[in-house]
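Taking it in order: structure first as structure tokens, then the write-up.
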Amino acid sequence: MVVTVHSSKVIAADSLAVEAAVNTRSLYAAGFKRVLDLAVVLAALPFLIPFFLLIGALIALDGHNPFFRQERVGMSGRRFYMWKFRTMVPDAEYHLKRHLEADPDARDEWTSMQKLKDDPRITRLGRILRRTSVDELPQLINVLTGEMSLVGPRPMMPSQQALYPGHAYYRLRPGLTGMWQVSERHTSTFAERAIYDDAYEGKLSFATDVNILVRTVGVVLRATGV
């Protein structure tokens, strides 16, 4: 009888601990995550604005807009326009279409990965910006407006929805960085991103987000972006 009572108390304590952890995650996801986003972005912007102006000026040397916006799918399937530094030549979609028509191997790679290892559209400066992930920094605007979060699934285009097999993406704000970005981003297929999104949703917490943000710094310093 003593063992039974002791076991019951242990089980009850474990249940309370799990419930407390779930409640903490829920509170974070419901409000504190957004507070963290705003606090970090507002603190960083005064230091980043001069850097934005410098990068924008370098990109604009070819006479074209240094910023690029593209429609993406957000939380609950809502559409929004995501901002980036331009890393490609003008009329990039036209050049992609011609390249895929002329190269069957590239077409297969694009179908599976939704990216190309050797993308002829990317400019010389654009390659540097992508490898260091600096091209993603204008998405801080999207974080401020609430369309994105600092940490979350990689934002996908409407045309990619049919290729995405998961559901967690639609319950989360897309992220400037995320679990996929700090993992096997070079080797995973587009569909496999759903695995990372499911894992992130299950582990969503302040500690998880801080861990991903710290790991993102390592990715930037190693220049392993794509």
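Of the residues making up the stretch 195-214, one or more are farther than 23 Å from Pro46 by Cα, at pLDDT 90 or above and part of a loop (DSSP other than H, G, I, E, B).
Only one of Leu42, Leu48, Leu54 is modelled with pLDDT of 85 or more, out of contact with any Ser or Thr (no Cβ under 6 Å at 6 or more places or on another chain) and more than 17 Å from Leu176 (Cα to Cα); which? Just one listed residue meets the conditions, Leu54. Remark: pairs (first residue in the stretch 74-87, farther than 30 Å from Leu125 by Cβ; second residue open to solvent by 20 Å² or more (accessible area, probe 1.4 Å) and among the aromatic types (Phe, Trp, Tyr); Cβ separation under 9 Å; 6+ apart in sequence or on different chains) = Met75/Tyr170; Ser76/Tyr170; Gly77/Tyr170.
Is it the case that Ala194 is free of Cβ contacts under 8 Å to residues at least 60 places away in the same chain, among the small types (Gly, Ala, Ser) and surrounded by 18 or more Cβ atoms within 10 Å (Cβ to Cβ)? Yes.
Residues are listed down the side, and each one gets a yes or a no for (1) open to solvent by 20 Å² or more (accessible area, probe 1.4 Å); (2) aliphatic (A, V, I, L, M); (3) free of Cβ contacts under 8 Å to residues at least 40 places away in the same chain:
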residue	(1), (2), (3)
Gly152	no, no, no
Met156	no, yes, no
Phe190	no, no, no
Ser205	yes, no, no
Val214	yes, yes, yes
Leu221	yes, yes, yes
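What residue, among those in the stretch 113-138 that are more than 19 Å from the chain's Cα centre (by Cα) and surrounded by 12 or more Cβ atoms within 10 Å (Cβ to Cβ), is farthest from Ala162 (Cα to Cα)? Step by step, filter the stretch 113-138, then rank; the result is Leu125. The listed residues are Ser159, Ser133, Ser149, Ser188, and the only one of them that is polar (S, T, N, Q), on the phi < 0 side of the Ramachandran plot and modelled with pLDDT under 90 turns out to be Ser188.
Pull up the stretch 158-180, narrow it to residues that are of a type in the set (A, V, I, L, M, F, W, C) and crowded, with 17+ Cβ neighbours inside 10 Å, then point me to the one that is nearest to Ser112 (Cα to Cα). Reasoning before the result, please.
Within the stretch 158-180, the subset of a type in the set (A, V, I, L, M, F, W, C) is 162-163, 168, 172, 176, 179-180.
Okay, now just the ones that are also crowded, with 17+ Cβ neighbours inside 10 Å, so 168, 172, 176, 179-180.
Details: Ala168: 21, Leu172: 24, Leu176: 23, Met179: 20, Trp180: 16 Å.
Among them, the one singled out is Trp180.
Summed over the stretch 71-99, the residues that are modelled with pLDDT of 85 or more and of a type outside the set (D, E, K, R) give a count of 12. When the criteria are applied in full, Lys117 meets the requirement of being in a loop (DSSP other than H, G, I, E, B) and either closer than 22 Å to Arg171 by Cα or at pLDDT below 95 (or both).
Does Phe85 count as closer than 14 Å to Leu176 by Cα and touching a Phe, Trp or Tyr at 6+ places or on another chain (Cβ under 7 Å)? The answer is yes for Phe85. Of the residues making up the stretch 57-97, those that are part of a loop (DSSP other than H, G, I, E, B) and closer than 23 Å to Lys117 by Cβ are Arg86, Thr87, Val89, Pro90, Asp91.
The values are calculated or read from the model by the stated rules, or taken from the named source; none is laboratory data. Note that this is a predicted model, so its numbers are computed, not measured. Note that each Cβ is placed from the backbone with ideal geometry, even for glycine, and that neighbours are counted across all protein chains shown. What goes into the accessible areas is simple: the full protein's heavy atoms, side chains included, and nothing from ligands, DNA or RNA. Shrake-Rupley method; radii C 1.70, N 1.55, O 1.52, S 1.80 Å.
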